[in-house]
Amino acid sequence: MDDLRFGVRNKRGDWAPNRPVEYAPLFQLPIRFKAILKWLPHYFLPWNAIFAASAVAYWAWIIPPTEVMRTFGIDWITWLFAVNAVCVFLFYGAFELHLYVLKRQERRFKYNGKFPTEQKSKAFWFESQNIDNIARTFLSGVTIWTLVEAGMLWAYANGYAPWLGFAENPLALACVALVVPVIHEFHFFCIHRLIHTPFLYKWVHSVHHNSVNPSPWSSLSMHPVEHLLYFGTAFYHLILPSNPVLMLYQLHYAGFGAIPGHVGFDKVEVGDNTLIDSHAYAHYLHHKYFEVNYGDALIPLDKWFGTWHDGSPEGEARMQERYRRRKEKLAARSARAGAEEALK
């Protein structure tokens with residue numbers, strides 16, 4: 001597969017798509033019904049369908065009976081942790097094996113021309129991005145994911161969360177299912193801006209940003225505080241009339257859904273002629289530039305708040321102009337402080 005049909009590669013070996021990143025047409029004005037209809041299949045396939053199917057499978061074969069979940073128990077919570085850990089290992093590991101271990105598509109469609117194993121850094125445990133990322137994923141990420149999951153299931157079992165049945169409320173639950181990605185996007189943008197404030201960035205979010213060149217295991221490589229905030233997306237279902245299956249979908253959208261944005265490749269080759277879009281470029285630019293693209297291009301929140309970078313030269317110019325204005329503002333503030341100090 002020739003990736004230069006779809007993008008360009010610079011002298012460092014970094015690849016970028018020809019077309020700038022575009023927001024989903026869902027929230028654009030004026031409303032473009034044809035564009036929305038054309039885009040809708042991409043809303044479901046393949047990623048959202050996978051996460052929804054995994055939630056249904058969990059409810060059918062993994063989640064204990066409601067009577068059991070009315071009381072916290074080490075046995076069923078440990079069971080959930082084990083299943084979550086195995087599923088993360090298999091799902092994340094499949095991308096890692098295909099793209100980074102076997103390197104089946106070499107560097108085709110890879111944003112950063114280097115592989116993390118080629119760059120050691122003292123920012124990581126044992127100076128290894130992979131070891132660091134894997135350890136944080138399982139020690140903190142899967143643990144907090146499981147605790148949030150168990151807490152929400154306990155709340156449903158005891159009537160503390162509004163539980164609608166599918167048979168009695170098919171339309172309402174269909175609407176909730178449709179907005180699960182929107183809830184995630186809104187929540188992710190809000191907490192992402194929060195943890196980019198100086199104090200929280202230094203002590204919390206910098207752990208995730210150590211992976212400037214993200215790979216599959218970077219997806220859930222976070223500080224425990226960030227894990228709690230991130231998986232807190234499930235807590236919306238404490239007030240939203242919903243169903244445990246849709247709550248699981250919300251969690252899986254966060255847990256398994258972190259993968260596409262961190263694979264480091266724009267497209268994943270399946271066979272000789274099939275390409276699956278990762279839709280990762282917007283988030284890759286966030287890892288590269290730190291202060292752009294706090295969301296994932298479903299809702300134009302970054303555009304509304306002036307932090308959007310679509311990968312184009314115009315997007316680069318907007319980012320540099322924003323940096324310049326902030327630098328001038330900080331310099332003026334420092335000068336005023338110095339003048340006030342001199343007058344004392």
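The values are calculated or read from the model by the stated rules, or taken from the named source; none is laboratory data. Source: prediction; values computed, not measured. Please note: Cβ atoms are built from the backbone with ideal geometry, for glycine as well, and neighbour counts cover all protein chains shown. For the accessible areas, the whole protein counts, side chains as well, though only heavy atoms, and no ligand, DNA or RNA atoms are used. Shrake-Rupley method; radii C 1.70, N 1.55, O 1.52, S 1.80 Å.
Restricting attention to the stretch 157-167, does a residue exist that is of a type in the set (S, T, N, Q) and over 24 Å from the mean Cα position of the chain (by Cα)?
yes
Kindly evaluate A82 against the criterion of being under 18 Å from V245 (Cα atoms) and either in contact (Cβ under 8 Å) with a residue 24 or more places away in the chain or part of a helix (DSSP H, G or I) (or both).
No.
Based on what the data block shows, is F109 touching a residue at least 40 places away in the same chain (Cβ under 8 Å) and at positive phi?
When the stated conditions are applied, F109 passes them.
Scan the stretch 240-268 residue by residue and report those that are touching a residue at least 60 places away in the same chain (Cβ under 8 Å) and in a loop (DSSP other than H, G, I, E, B).
Within the stretch 240-268, L240, P241, N243, F256, G257, I259, V263, G264, D266 meet the criteria.
Filtering the stretch 78-117 down to residues that are β-branched (V, I, T) and open to solvent by less than 30 Å² (accessible area, probe 1.4 Å), which residue is farthest from the chain's Cα centre (by Cα)?
V83
Conditions (1) surrounded by 11 or more Cβ atoms within 10 Å (Cβ to Cβ); (2) in contact with a His (Cβ under 8 Å, 6 or more places away or on another chain), marked per residue:
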{"position": "W308", "(1), (2)": "yes, no"}
{"position": "G315", "(1), (2)": "yes, yes"}
{"position": "M319", "(1), (2)": "yes, yes"}
{"position": "R322", "(1), (2)": "yes, no"}
{"position": "K329", "(1), (2)": "no, no"}
{"position": "A335", "(1), (2)": "no, no"}
{"position": "G338", "(1), (2)": "no, no"}
{"position": "K344", "(1), (2)": "no, no"}
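Within the stretch 248-264, is even one residue at pLDDT below 95, within 15 Å of the chain's Cα centre (by Cα), open to solvent by less than 50 Å² (accessible area, probe 1.4 Å) and not aliphatic (A, V, I, L, M)?
There is at least one residue in the stretch 248-264 that is at pLDDT below 95, within 15 Å of the chain's Cα centre (by Cα), open to solvent by less than 50 Å² (accessible area, probe 1.4 Å) and not aliphatic (A, V, I, L, M).
Please specify each residue of the stretch 93-119 satisfying the condition of being under 21 Å from T274 (Cβ atoms) and among the aromatic types (F, W, Y).
F95, Y100, F109, Y111
Of all residues in the stretch 77-127, which are more than 30 Å from W61 (Cα to Cα) and of a type in the set (V, I, T)?
Correct list: V101, T117.
Taking A35 as the residue in question, decide whether it is surrounded by fewer than 15 Cβ atoms within 10 Å (Cβ to Cβ) and at pLDDT 95 or above.
no
Within the stretch 220-239, can one find any residue that is in contact with a Pro (Cβ under 7 Å, 6 or more places away or on another chain), surrounded by 23 or more Cβ atoms within 10 Å (Cβ to Cβ) and either assigned to a helix (DSSP H, G or I) or modelled with pLDDT of 95 or more (or both)?
no
Quickly run through the stretch 94-106 and pick out the residues that are free of Cβ contacts under 8 Å to residues at least 40 places away in the same chain and closer than 19 Å to G257 by Cβ.
If the condition is that a residue be free of Cβ contacts under 8 Å to residues at least 40 places away in the same chain and closer than 19 Å to G257 by Cβ, then A94 is the only one that fits.
Please verify whether the stretch 186-202 includes one or more residues that are touching a residue at least 60 places away in the same chain (Cβ under 8 Å), among the hydroxyl-bearing types (S, T, Y) and within 25 Å of A135 (Cα to Cα).
no
Can you tell me how many residues in the stretch 280-297 are surrounded by fewer than 20 Cβ atoms within 10 Å (Cβ to Cβ) and touching a residue at least 40 places away in the same chain (Cβ under 8 Å)?
Adding up the residues that qualify gives 3.
Applying the selection to the stretch 202-214, what residues are open to solvent by 60 Å² or more (accessible area, probe 1.4 Å) and assigned to a helix (DSSP H, G or I)?
Passing the criteria: K202, W203.
Pick from the stretch 139-184 the residues that are aromatic (F, W, Y) and open to solvent by 20 Å² or more (accessible area, probe 1.4 Å): which of them is nearest to W125 (Cα to Cα)?
W154
Going by the conditions given, is V148 closer than 29 Å to L248 by Cβ, touching a residue at least 12 places away in the same chain (Cβ under 8 Å) and touching an Asp or Glu at 6+ places or on another chain (Cβ under 8 Å)?
Answer is no for this residue.
Among the numbered conditions (1) open to solvent by 60 Å² or more (accessible area, probe 1.4 Å); (2) modelled with pLDDT of 95 or more; (3) not hydrophobic (A, V, I, L, M, F, W, C), tell me where E22 comes up short.
The number of the failed condition is (2).
In the stretch 1-34, which residue that is part of a loop (DSSP other than H, G, I, E, B) and of a type in the set (V, I, T) is farthest from the chain's Cα centre (by Cα)?
I31
Among the residues that make up the stretch 317-337, is at least one of them within 25 Å of D14 (Cβ to Cβ) and touching a residue at least 60 places away in the same chain (Cβ under 8 Å)?
no
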